[in-house]
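The values are calculated or read from the model by the stated rules, or taken from the named source; none is laboratory data. None of these values were measured; they are calculated from a predicted model. A quick note on method: Cβ atoms are made from the backbone with ideal geometry, for glycine too, and the neighbour counts reach across all protein chains shown.
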Amino acid sequence: MFGIFEKKQADVIDHWYALIPGFNVSTKEFYEAIEKELKEREVPGLEIFHVDFAEGGVMSSKREYLRMTRERLVFDICAAPFGKGYFFSCRFAEIPAVIRLWQLLVVLVGSFMLVALAFRFLGLILGAVVLLAGFVFLIYTLRNAVSMGLRDLDATLIKSPVFGPIYENWFRKETYYRQDTRLMYRDTVNDVVKAQVEETTGAKGIKLIKFNDYSPILGELYKPTTVQISPKA
């Protein structure tokens, strides 16, 4: 329970990379090809950004990543030169919904102000009835936003910097549908990126690619898997 109040970074769930010696390609074109394919597939709730991460400290050079998000699930894709070779990297992570003290304070202050206004303008008894009815309706709506057809409300609440983490931890109902859509999102993006790596390298005559997969569940261990690529004529 107390874990939701801790400050956390994104938790990496899966990570794979592929290093191809003596190879080079346009990073911009590779990212554009992934974006095009995902837009054609119309993945619901998907947002795509280009972000720069520092290679080291604050003053170090920056490397451009392609970031894809859906709710709190994140894919960070990198394609860049490495010496005389080239590498592709894909990280799948989840950003925890962390509740911070200031968010609770804002909600509590807002609630006290609402109660005070209700009692002032409606009186003690009527104000209490209206507040209780409003509270029950609010909880029901928050618990059933998607099933009530309020998908936009659900998406807006998740992105709210104040109420988002509170909504996700205490009110948003977990369902089989949400679990399935998260899995479909993960597999779709991962398959698209790997297929694009295979297509990009195969177009330049690379016949063999070794993907090195890492799962935190197995500890510090990368498991190589080899893919045969047929070069285009």
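Residues are listed down the side, and each one gets a yes or a no for (1) over 26 Å from L73 (Cβ atoms); (2) within 34 Å of the chain's Cα centre (by Cα):
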residue: V98; (1), (2): no, yes
residue: Q103; (1), (2): no, yes
residue: S111; (1), (2): yes, yes
residue: V130; (1), (2): yes, no
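Is it true that E32 is more than 19 Å from the chain's Cα centre (by Cα), closer than 21 Å to E198 by Cβ and surrounded by 11 or more Cβ atoms within 10 Å (Cβ to Cβ)?
Yes, satisfied.
Please give the number of the condition L117 fails out of (1) part of a helix (DSSP H, G or I); (2) within 22 Å of W170 (Cα to Cα); (3) aliphatic (A, V, I, L, M).
Going through (1) part of a helix (DSSP H, G or I); (2) within 22 Å of W170 (Cα to Cα); (3) aliphatic (A, V, I, L, M) one by one, L117 breaks only (2).
Yes or no: region 29-48 includes at least one residue that is free of Cβ contacts under 8 Å to residues at least 12 places away in the same chain and touching a helix residue (DSSP H, G or I) at 6+ places or on another chain (Cβ under 9 Å).
Taking every residue of region 29-48 in turn, at least one turns out to be free of Cβ contacts under 8 Å to residues at least 12 places away in the same chain and touching a helix residue (DSSP H, G or I) at 6+ places or on another chain (Cβ under 9 Å).
If you go through region 23-65 one residue at a time, how many are modelled with pLDDT of 90 or more and among the small types (G, A, S)?
Total meeting the criteria: 2.
Say whether the condition of being touching a helix residue (DSSP H, G or I) at 6+ places or on another chain (Cβ under 8 Å), of a type in the set (S, T, N, Q) and closer than 30 Å to A18 by Cα is met by at least one residue in region 174-191.
Yes, that holds for at least one residue.
Scan (1) at pLDDT 90 or above; (2) outside any helix (DSSP H, G or I); (3) not assigned by TED's automatic domain parsing to the domain that holds T27 for the single condition A93 breaks and write down its number.
(3)
One residue is enough: does region 161-176 have a residue meeting the conditions over 20 Å from T69 (Cβ atoms), assigned to a loop (DSSP other than H, G, I, E, B) and either touching a Pro at 6+ places or on another chain (Cβ under 8 Å) or free of Cβ contacts under 8 Å to residues at least 60 places away in the same chain (or both)?
Yes: region 161-176 contains one or more residues that are over 20 Å from T69 (Cβ atoms), assigned to a loop (DSSP other than H, G, I, E, B) and either touching a Pro at 6+ places or on another chain (Cβ under 8 Å) or free of Cβ contacts under 8 Å to residues at least 60 places away in the same chain (or both).
Each row is one residue, and each column tells you yes or no for (1) closer than 27 Å to M68 by Cβ; (2) exposed (fewer than 13 other Cβ atoms within 10 Å of the Cβ); (3) not hydrophobic (A, V, I, L, M, F, W, C).
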| site | (1), (2), (3) |
| --- | --- |
| F92 | yes, no, no |
| A97 | yes, no, no |
| W102 | no, yes, no |
| S111 | no, yes, yes |
| F119 | no, no, no |
| L122 | no, no, no |
| V136 | no, yes, no |
| A155 | yes, no, no |
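Please indicate, with yes or no, whether at least one residue in region 66-80 is surrounded by 15 or more Cβ atoms within 10 Å (Cβ to Cβ), without any contact (Cβ under 8 Å) to a residue 40 or more places away in the chain and in contact with a helix residue (DSSP H, G or I) (Cβ under 7 Å, 6 or more places away or on another chain).
yes
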